[in-house]
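The values are calculated or read from the model by the stated rules, or taken from the named source; none is laboratory data. This one's a predicted model, so the numbers in the text were calculated from it and none came from an experiment. Glycine also receives a Cβ, built like all others from the backbone with ideal geometry; neighbour counts cover every protein chain displayed.
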Amino acid sequence: MRVYQFSEQPYYPAWNEHSGSLRVIFPNRKCDPRVAADLFHRYYDEYQLTDELGLDIMLNEHHQTATCMSSAVVVGLAILARATQRARLLVLGYPIGHRPDPLRVAEELSTIDVISRGRLDMGFIKGIPYEIAASNQNPVHLMERFWEAHDFILKAMTTHDGTFNWEGDYFHYRQVNVWPRVWQEPHPPVWSTTGSTTQARVLGERGYVMATLGTGFGTRRIYDAYRNGYVAKHGKAPGADRFAYLGLVAVAKNREEARKRGELIAGYLRTSPIVYPPFRNPPGYLPPEDNARMMRGESPPRTYTKGGRVISMQTAPIDDLIDAGVLFCGTPDEVYDQLVAFCEHCGGMGNLLMMGHGGFLSHQQTVDNLSLFAREVFPRLKAYKQPDPEAALATVAA
Amino acid sequence: MSRAAESVPSGKPSGLTVAGARIDLIERGEGKPLLFLHPENGIDPSLPAIDELARRAHVVAPTHPGFGRSDLPKGMRTIDDMSYFYLDLLDQLALRDVAVVGVSLGAWIAAEIAVKTTAQLSQLVMANAVGVKVSDRETRDIADIFAVTEPDYLEMVYCDPAIGRRDYKTLPDAVVLAAARAREATARFAWSPYFHNPALNRRLHRIRIPTLFLWGAHDRMLSEAYGRAYCAMIPGARFELIERAGHFPHEEQPKIFAEKVMNFVACK
């Protein structure tokens with residue numbers, strides 16, 4: 001298993017000052033740039049430590065929010081491409097359907113791939129609903145734009161013998177020729193995220209690495225949709241390396257300390273959904289059939305415990321978050337056992353996206369959390385033998 | 001008349017296929033043809049305003065592409081596209097001397113039709129119309145309806161918000177789905193530029209048929225000043241307020257709305 005350490009780089013000092021929304025409309029007067037600078041340097045120190053500990057690194061971006069200061073993820077990638085030596089650098093993700101100019105995206109990511117000497121993983125994502133207000137892209141066309149941007153970026157990265165022409169529905173260029181050329185051939189690995197079985201199948205057909213977040217012990221259903229898509233196109237079962245899962249991780253020498261850390265990191269879950277309701281579901285972000293169900297008050301639950309109980313990630317106590325596979329928390333032995341049980345549920349999960357820092361966790365606690373994990377959990381996860389892919393596929397058909 | 005209409009009794013919409021897309025169409029009444037173009041919240045066949053208009057006119061009220069049960073033709077993305085669709089519809093139904101009556105987004109469509117040609121049109125009625133930008137770039141002419149809660153939205157667009165309230169838990173599936181489709185279709189056509197076409201201002205001078213702006217006086221999505229500025233861009237257009245009505249005056253004051261429309265259409 002690979003493990004990617006991830007932090008949203010939150011501006012937590014303002015979290016208690018919101019009046020109903022930490023996103024979109026939360027005034028940036030609440031952000032003291034001196035405090036922000038200190039936090040950024042701290043977070044990049046922790047990423048450099050991650051590199052030294054032998055773990056990989058994940059970055060993301062959100063906009064107009066105190067929950068995540070990384071609003072231009074290419075900046076973080078650029079810093080870490082130079083300041084780290086060996087970690088893979090996963091951007092998950094790059095909201096390419098929102099970008100006005102995918103040529104610029106291709107140039108940015110190619111440059112990162114070269115400076116890092118081929119350590120980039122490219123996660124292309126739709127983006128959560130709250131991002132629409134910031135980009136003002138039409139939510140109805142977002143996925144069409146996403147796929148056209150995706151096609152364009154890959155073509156730009158794999159064309160090496162002069163310019164090409166592009167006159168699509170959303171983007172127009174006549175002389176495309178990206179410098180520098182990408183390091184990894186034919187292009188850096190593509191990742192994406194989803195919570196929908198329909199999209200999971202599409203990602204399976206393409207063979208991209210698929211990540212889910214907060215799906216807990218409901219993850220298998222989405223992975224199985226991916227498996228169906230994958231086998232239809234590739235004629236065999238996808239390996240565990242095609243699956244990723246974002247989980248919160250709090251490990252400590254004893255259970256009490258781990259739970260204390262778990263509660264602090266869970267500050268991410270407590271604050272992430274605090275957003276003024278009109279921005280939660282812009283028109284066209286979901287299909288009309290799904291919206292009609294929501295208007296009737298029928299919203300499908302997202303997070304299940306191992307026993308099939310539905311929980312709310314925002315309000316659930318620590319024990320429920322652990323039962324749901326949202327938080328992996330305890331001594332190194334306990335965390336290892338929880339992760340293995342989760343992999344077995346998934347039928348294989350080869351990439352843990354580990355939120356080893358979140359919420360109010362201090363620098364010292366983060367350093368200790370990451371170091372202990374790297375020393376006592378990670379070596380065992382690397383040695384862990386994932387469930388047989390074909391056996392996992394066989395249970396889908398059955 | 002070359003039309004592919006399925007005749008359905010008892011006031012239900014019939015179907016019509018235009019340019020390969022099937023849309024719902026209400027046809028009611030006799031006499032002068034009147035094309036009613038519904039606003040962004042869709043059209044309900046039981047709307048009293050349609051019956052009021054149908055007392056004195058032959059009302060043709062389509063459900064716009066992408067709204068209700070109407071198909072969305074491939075590639076249709078703008079109100080400009082939509083206006084060509086309706087020019088095709090006018091040709092297909094062989095309508096002549098038509099009064100076009102639009103409310104809000106429907107009035108925007110009407111304006112986009114009329115700047116292209118008024119050859120088949122007799123009069124234009126624009127009720128609480130969107131479609132143009134009148135202020136500077138940092139002044140929002142049209143309130144951001146996608147950035148407010150449902151109760152705040154109803155306060156914004158109705159004089160009496162109770163008229164717009166719906167309990168979706170008790171309504172038929174088709175009605176709930178139509179509401180969801182209306183919200184999506186509105187965003188499709190009006191997300192950015194927001195509820196306007198920046199080029200329309202410069203084209204409105206081409207409208208040389210009698211034009212009436214009707215304005216629900218309690219509209220808080222659009223100001224009366226916006227309506228008057230828009231009206232001033234169309235040569236000779238008149239402006240009349242409808243009291244005790246908001247953004248959808250045909251819903252809140254159907255009798256007065258229809259009376260003003262018919263008085264205008266009859267005395268050209």
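Residues in the stretch A:127-150 that are farther than 19 Å from B:T78 by Cα and without any contact (Cβ under 8 Å) to a residue 60 or more places away in the chain: A:G127, A:F146, A:W147, A:E148, A:A149, A:H150.
Residue check: A:V75 meets all listed conditions (1) more than 20 Å from A:P180 (Cβ to Cβ); (2) part of a helix (DSSP H, G or I); (3) out of contact with any Lys or Arg (no Cβ under 6 Å at 6 or more places or on another chain) but one, namely (1).
Can you tell me how many residues within the stretch A:192-222 are closer than 19 Å to A:Y304 by Cα, touching a Pro at 6+ places or on another chain (Cβ under 9 Å) and at pLDDT 95 or above? Selection size over the stretch A:192-222: 0.
Using the structure shown, decide if B:L87 is within 29 Å of B:R202 (Cβ to Cβ), part of a helix (DSSP H, G or I) and under 16 Å from the mean Cα position of the chain (by Cα). It would help to see each step written out before you state the result.
Values: within 29 Å of B:R202 (Cβ to Cβ): yes; part of a helix (DSSP H, G or I): yes; under 16 Å from the mean Cα position of the chain (by Cα): yes.
Spelling it out, B:L87 is indeed within 29 Å of B:R202 (Cβ to Cβ), part of a helix (DSSP H, G or I) and under 16 Å from the mean Cα position of the chain (by Cα).
Taken together, the residues in the stretch B:143-158 that are over 18 Å from A:N281 (Cα atoms) and either over 20 Å from the mean Cα position of the chain (by Cα) or surrounded by 21 or more Cβ atoms within 10 Å (Cβ to Cβ) (or both) amount to 3.
Could you tell me whether the stretch A:358-367 includes any residue that is touching a His at 6+ places or on another chain (Cβ under 8 Å) and of a type in the set (S, T, Y)?
In the first step, residues of the stretch A:358-367 are kept if they are touching a His at 6+ places or on another chain (Cβ under 8 Å); the result is A:366.
Remaining after also requiring of a type in the set (S, T, Y): A:366.
Among the residues of the stretch A:358-367, at least one is touching a His at 6+ places or on another chain (Cβ under 8 Å) and of a type in the set (S, T, Y), which makes the answer yes.
Note on the stretch B:58-70: residues that are within 19 Å of B:K260 (Cβ to Cβ) and surrounded by 24 or more Cβ atoms within 10 Å (Cβ to Cβ) amount to 2.
Consider the stretch A:132-144 and keep the residues that are assigned to a helix (DSSP H, G or I) and within 12 Å of chain B (Cβ to nearest Cβ). The one that is surrounded by the fewest Cβ atoms within 10 Å (Cβ to Cβ) is A:E144.
Conditions tested, residue by residue: (1) without any contact (Cβ under 8 Å) to a residue 60 or more places away in the chain; (2) at negative phi; (3) not charged (D, E, K, R).
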residue: A:S19; (1), (2), (3): yes, yes, yes
residue: A:L22; (1), (2), (3): no, yes, yes
residue: A:P27; (1), (2), (3): yes, yes, yes
residue: A:P33; (1), (2), (3): yes, yes, yes
residue: A:L39; (1), (2), (3): yes, yes, yes
residue: A:Q48; (1), (2), (3): yes, yes, yes
residue: A:E52; (1), (2), (3): yes, yes, no
residue: A:I57; (1), (2), (3): yes, yes, yes
residue: A:H62; (1), (2), (3): no, yes, yes
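Of the set (1) within 11 Å of another protein chain (Cβ to nearest Cβ); (2) in contact with a strand residue (DSSP E or B) (Cβ under 6 Å, 6 or more places away or on another chain), all apply to B:S122 but (1).
Total residues in the stretch A:238-261 satisfying the condition of being surrounded by 20 or more Cβ atoms within 10 Å (Cβ to Cβ) and part of a loop (DSSP other than H, G, I, E, B): the figure is 2.
Scanning the stretch A:269-290 for residues that are more than 8 Å from every other protein chain (Cβ to nearest Cβ) and buried (at least 23 other Cβ atoms within 10 Å of the Cβ) gives A:T271, A:S272, A:V275.
Tell me, yes or no, whether the stretch A:60-71 has at least one residue that is part of a helix (DSSP H, G or I) and surrounded by fewer than 18 Cβ atoms within 10 Å (Cβ to Cβ). Before the answer, list the steps.
Going residue by residue through the stretch A:60-71, those that are part of a helix (DSSP H, G or I) are none.
Checking the stretch A:60-71: not a single residue is part of a helix (DSSP H, G or I) and surrounded by fewer than 18 Cβ atoms within 10 Å (Cβ to Cβ).
Within the stretch B:81-89, not a single residue is of a type in the set (D, E), farther than 22 Å from B:A266 by Cβ and in contact with a Lys or Arg (Cβ under 6 Å, 6 or more places away or on another chain).
Name the pairs: first residue in the stretch B:44-56 and of a type in the set (S, T, Y), second residue modelled with pLDDT under 95, Cβ to Cβ under 8 Å, at least 6 apart or on different chains? Filtered contacts from the stretch B:44-56: B:S46/B:G11.
Annotation note: of A:G216, A:G229, A:G195, the sole residue that is touching a residue at least 40 places away in the same chain (Cβ under 8 Å) and surrounded by 17 or more Cβ atoms within 10 Å (Cβ to Cβ) is A:G216. A single member of B:S83, B:S104, B:S70 is of a type in the set (S, T, N, Q) and within 14 Å of another protein chain (Cβ to nearest Cβ), and it is B:S70.
Within the stretch A:1-35, which residues are acidic (D, E) and surrounded by 19 or more Cβ atoms within 10 Å (Cβ to Cβ)?
Hit for the stretch A:1-35 is A:E8, nothing else.
Out of A:A232, A:A237, which single residue is more than 23 Å from A:G127 (Cβ to Cβ) and out of contact with any helix residue (DSSP H, G or I) (no Cβ under 6 Å at 6 or more places or on another chain)? Steps first, answer last, please.
Working: A:A237 fails: out of contact with any helix residue (DSSP H, G or I) (no Cβ under 6 Å at 6 or more places or on another chain).
Just a single option satisfies the conditions, and that option is A:A232.
Taking the criterion of being over 15 Å from the mean Cα position of the chain (by Cα) and farther than 20 Å from B:W191 by Cβ, the residues of the stretch B:42-83 that qualify are B:S46, B:P48, B:D51, B:E52, B:A54, B:R55, B:R56, B:A57, B:H58, B:R69, B:D71.
Among the residues that make up the stretch A:240-247, is at least one of them over 19 Å from A:G123 (Cα atoms) and of a type outside the set (D, E, K, R)? Full working, then the answer.
Here is the first cut: in the stretch A:240-247, the residues over 19 Å from A:G123 (Cα atoms) are none.
There is no residue in the stretch A:240-247 that is over 19 Å from A:G123 (Cα atoms) and of a type outside the set (D, E, K, R).
Inspect all residues belonging to the stretch A:387-398 and state whether any of them is under 20 Å from the mean Cα position of the chain (by Cα) and without any contact (Cβ under 8 Å) to a residue 12 or more places away in the chain.
Of all residues in the stretch A:387-398, those under 20 Å from the mean Cα position of the chain (by Cα) come to none.
The answer is no, given that none of the residues of the stretch A:387-398 is under 20 Å from the mean Cα position of the chain (by Cα) and without any contact (Cβ under 8 Å) to a residue 12 or more places away in the chain.
Taking the condition of being of a type in the set (K, R) and either touching a helix residue (DSSP H, G or I) at 6+ places or on another chain (Cβ under 7 Å) or crowded, with 16+ Cβ neighbours inside 10 Å (or both), how many residues in the stretch B:168-202 meet it? Give the steps one after another, and end with the answer.
Filtering the stretch B:168-202 down to residues of a type in the set (K, R) leaves B:169, B:181, B:183, B:188, B:202.
Of the ones still in play, those that are also either touching a helix residue (DSSP H, G or I) at 6+ places or on another chain (Cβ under 7 Å) or crowded, with 16+ Cβ neighbours inside 10 Å (or both) are B:181, B:183, B:188.
Number satisfying all stated conditions: 3.
State which residue is farthest from the other protein chains (Cβ to nearest Cβ) when the search covers only the stretch A:98-131 and only residues that are touching a His at 6+ places or on another chain (Cβ under 8 Å) and surrounded by 22 or more Cβ atoms within 10 Å (Cβ to Cβ). Talk me through it step by step, then tell me what you get.
Step one: list which residues in the stretch A:98-131 are touching a His at 6+ places or on another chain (Cβ under 8 Å), which gives A:122, A:124, A:127-128, A:130-131.
Filter again for surrounded by 22 or more Cβ atoms within 10 Å (Cβ to Cβ), leaving A:122, A:124, A:127, A:130-131.
Numbers: A:M122: 27, A:F124: 22, A:G127: 15, A:Y130: 12, A:E131: 14 Å.
Among those residues, the one meeting the criterion is A:M122.
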